[in-house]
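Report on the structure given below.
The values are calculated or read from the model by the stated rules, or taken from the named source; none is laboratory data. Worth saying up front: this structure is predicted, and the values here are computed from it rather than measured. Heavy atoms of the whole protein, side chains included, go into the accessibility calculation; ligands, DNA and RNA do not. Shrake-Rupley method; radii C 1.70, N 1.55, O 1.52, S 1.80 Å.
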Amino acid sequence: MSFLATLGRYSLNSLQEIGRVFIFACTGLRCCFAPPFFLREIIHQLISIGFYCLPIVGVTAIFAGMVLALQTYIGCARWNAESAVAGVVVIGLTRELGPVFAGLMVAGRMSSSIAAEIGSMRVSEQIDALRTLHVDPIRFLVVPRIIAGITMMPFLVLIADIVGIMGGFLVSTTVLNFAIGSYINQTVHSLEMIDVISGLVKASVFGFALTILGCYHGFYSDLGAKGIGNATTGAVVSASILILILNYMLTALFFGI
Amino acid sequence: MIKVDFKNVTKTFEGRIEVLKGICLQLHNGESHIILGQSGCGKSVLMKCLLGIIPITSGDIVVDGISVLDKKQRRQYMRKFSVLFQGGALFDSMTVLENVEFALNQINHDAKTCRSIAEEKLIAVGLDQNIFTRYPAEISGGMQKRAALARALAMAPEVIIFDEPTSGLDPITGGVVCNLLKDTIAGTGITAITITHDLKVAEFLADRVSVLNKGHIEWTGKESEMSRCGNEFVERFFRASKGIINHRK
Ligand SMILES: Nc1ncnc2c1ncn2[C@@H]1O[C@H](COP(=O)(O)OP(=O)(O)OP(=O)(O)O)[C@@H](O)[C@H]1O
Ligand SMILES: [Mg+2]
């Protein structure tokens, strides 16, 4: 009985939390379309997501591309279908690995730092100070981060796609002894516009999810060092899970399965 | 004339934690009022209720005829106040000068005027030009308090609130900040509310003192009458404050 009660309470709390996140996300999104905007903050966030996340996204992408080429080769060799490697690498990267890896890496880097930053601003009463200046904390803190997430993630994923394909190319032509010309040819022929576009749309959605969860956890953390610690962990974990769930849903939506 | 009127204000968190239990208090225009009380008695909560940052559970707060509950006149209500927060609450992402400019920007859109008022206020609180371009994390607590005071003053408020103005400062810096506050109050004739548990600050700044205890105002009156007001808690608070000071000597 007490087991059931615990389970019930846990489920109700989770549902309540999901509802709160949803309302928070709607409020944030609505504020993105109505002035006033804080341009300086927006530029600041664009740089901190678009520029400072480039190295980790790039490194992740290049190794993802390399290992994808290697594994695909091993698999395809069993069916004498080695010529499919280039196609699998390019489609796999643009549709799935590029957006998902970039999303997870940026979630790890940004969601946590957003949660910590907003959490500590709350502790040091900076958010109260904003309210006394009649500045809406959502517009000042959340909107710039959402905008940066939505616009910079596609850019990062595009870079990840290019770098990842180059990684696959490198492994294929050096380790696996593919001919350079035909590999490039196959890459170009297998790629369709929808592959890239679906990846970029996913990137935008992930960008929104990971910034909004960072902000949410920052705003509703318990005060104190432990509270902020929990908030950063919660932000990264929830953002990563949400990215994987959204990824499946978007794939199903795009390719009509 | 009455400036701020607390009408039987209560605040209960999450339906069970009663912090304020019926606060009735009237502040006169232009007076310097001190709210004294032990740590955790709800002084900061009272301040945030006054600002409307924390919604009150029942009762009302009226400032110049505008109620804190009046959503339509929220902006006018907020414009009356400036706050010097306990830790300064300067925005981390902006330099000292930008902090003051940002505040001014919310009421005055001319960038040039903002800059000149900001510089004037920062100099008035005794900050050096070379501090202007530093970030809050790069300056000392005393300087942060001064910069925050400059930001508060720049807004030209009708009511200014000081939350624990001397906490976390050494006695000399604390004294300097207190003097700044006194000059501010004397120079502008604004209504000042100072929240503190330090009787020395009260002695120095107060026109009138209110003592907050267990969610009630125990007593309101002149600081000089505190020791023989007849209220047991207030007299105990007074004796304890004096005792600690003697003990230190
Ligand atoms: N959001 C909240 N939820 C629940 N309880 C709260 C909340 N905010 C404050 N309290 C409680 O209200 C009481 C008063 O807190 P407050 O910060 O006003 O104290 P204070 O008088 O300012 O103390 P100090 O001198 O230490 O600053 C505390 O016991 C605190 O636990
Ligand atoms: Mg306090």
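In order along the stretch B:217-225, phi translates into HN-Hα couplings of 7, 6, 7, 10, x, 6, 4, 5, 8 Hz, rounded to whole numbers, per the Karplus curve 6.51 cos²θ - 1.76 cosθ + 1.60 with θ = phi - 60° and x for Gly and Pro. Rounded to the nearest angstrom and listed largest first, the equivalent-ellipsoid semi-axes of the stretch A:2-255 from its Cα gyration tensor are 39, 21, 15. Among the listed pairs A:LYS226/B:LYS222; B:LYS7/B:LYS182; B:LYS214/B:LYS242; A:LYS226/B:LYS72; A:LYS226/B:LYS121; B:LYS80/B:LYS200, a Cα-Cα separation exceeding 32 Å is found for A:LYS226/B:LYS222; A:LYS226/B:LYS72; A:LYS226/B:LYS121.
For the pair the stretch A:190-236 and the stretch B:158-199, the centres of their Cα atoms are 43 angstrom apart. The Cα trace of the stretch B:132-215 gives Rg and Dmax of 13.4, 44 Å, the first to one decimal, the second as a whole number.
Comparing Cα centroids, the stretch A:1-55 and the stretch A:110-129 end up 14 angstrom apart. Remark: C-alpha extents of the protein assembly as shown on the principal axes read 100, 66, 49 Å, sorted largest to smallest.
For the stretch A:101-227, taking the reciprocal of the average inverse distance between every pair of different Cα atoms yields a Kirkwood hydrodynamic radius of 17.0 Å.
When you work out D = kT/(6 pi eta Rh) for the stretch B:91-156 at 37 °C and 0.692 mPa s, using the Kirkwood radius from C-alpha pairs as Rh and the Stokes-Einstein form, the result is 289 µm²/s. Taking every protein chain into account, the accessible area of the stretch B:15-101 amounts to 38 square angstrom per residue (probe 1.4 Å).
Summed over qualifying helices (DSSP H, 4 residues or more, each -39500 (n - 2.57)) and divided by its residue number, the protein assembly as shown shows a 222 nm mean residue ellipticity of -19500 deg cm²/dmol. Interface B-A: total buried accessible area of about 1700 Å², 1.4 Å probe, protein heavy atoms only. Between amide H atoms placed 1.01 Å from N, distances below 5 Å from B:HIS216 occur with B:LYS21, all of them 5 or more places distant or on a separate chain. What are the residues whose amide H is under 5 Å from the amide H of B:ILE195, where those residues sit 5 or more places off or on another chain and H is modelled from the backbone? Excluding prolines and chain starts, which carry no amide H, the hits are B:ILE35, B:PHE162, B:ASP163, B:GLU164. Between the alpha-carbon centres of the stretch B:2-63 and the stretch B:77-97 there is a gap of 20 Å.
Can you pull the percent of chain B's accessible area that's carbon plus sulfur, 1.4 Å probe, other chains left in place? Provide the component values of the computation, followed by the final result.
Values: 5680 of 11350 Å².
C and S atoms contribute 50 percent here.
Dimensions of the stretch B:49-197 from C-alpha coordinates, computed as largest minus smallest value along each principal axis and given longest first, are 46, 39, 29 Å. Antiparallel DSSP bridges in chain B: what percent, to the nearest 5? Counting DSSP beta bridges with both partners in chain B, the antiparallel share is about 55 percent. Here, the stretch B:1-101 yields an orientationally averaged convex hull projection of 8.1 nm² when only Cα atoms define the hull.
Computed from phi, the 3J(HN,Hα) profile of the stretch B:48-65 under the Karplus parametrisation 6.51, -1.76, 1.60 (θ = phi - 60°) reads 5, 5, 4, 7, x, 6, 10, x, 7, 7, 8, x, 7, 10, 10, 10, 6, x Hz, with x in place of Gly and Pro. Whole-Hz Karplus values for the stretch A:42-48 come out as 4, 4, 4, 6, 4, 5, 5 Hz, taken residue by residue from phi with 6.51 cos²θ - 1.76 cosθ + 1.60 and θ = phi - 60°; glycine and proline positions read x. With bins 10 Å wide beginning at 0, the percent of Cα pairs of chain B falling in each bin runs 7, 30, 35, 22, 6, 0.
Restricting attention to the protein assembly as shown, close to 55% of DSSP beta bridges with both partner residues there are antiparallel.
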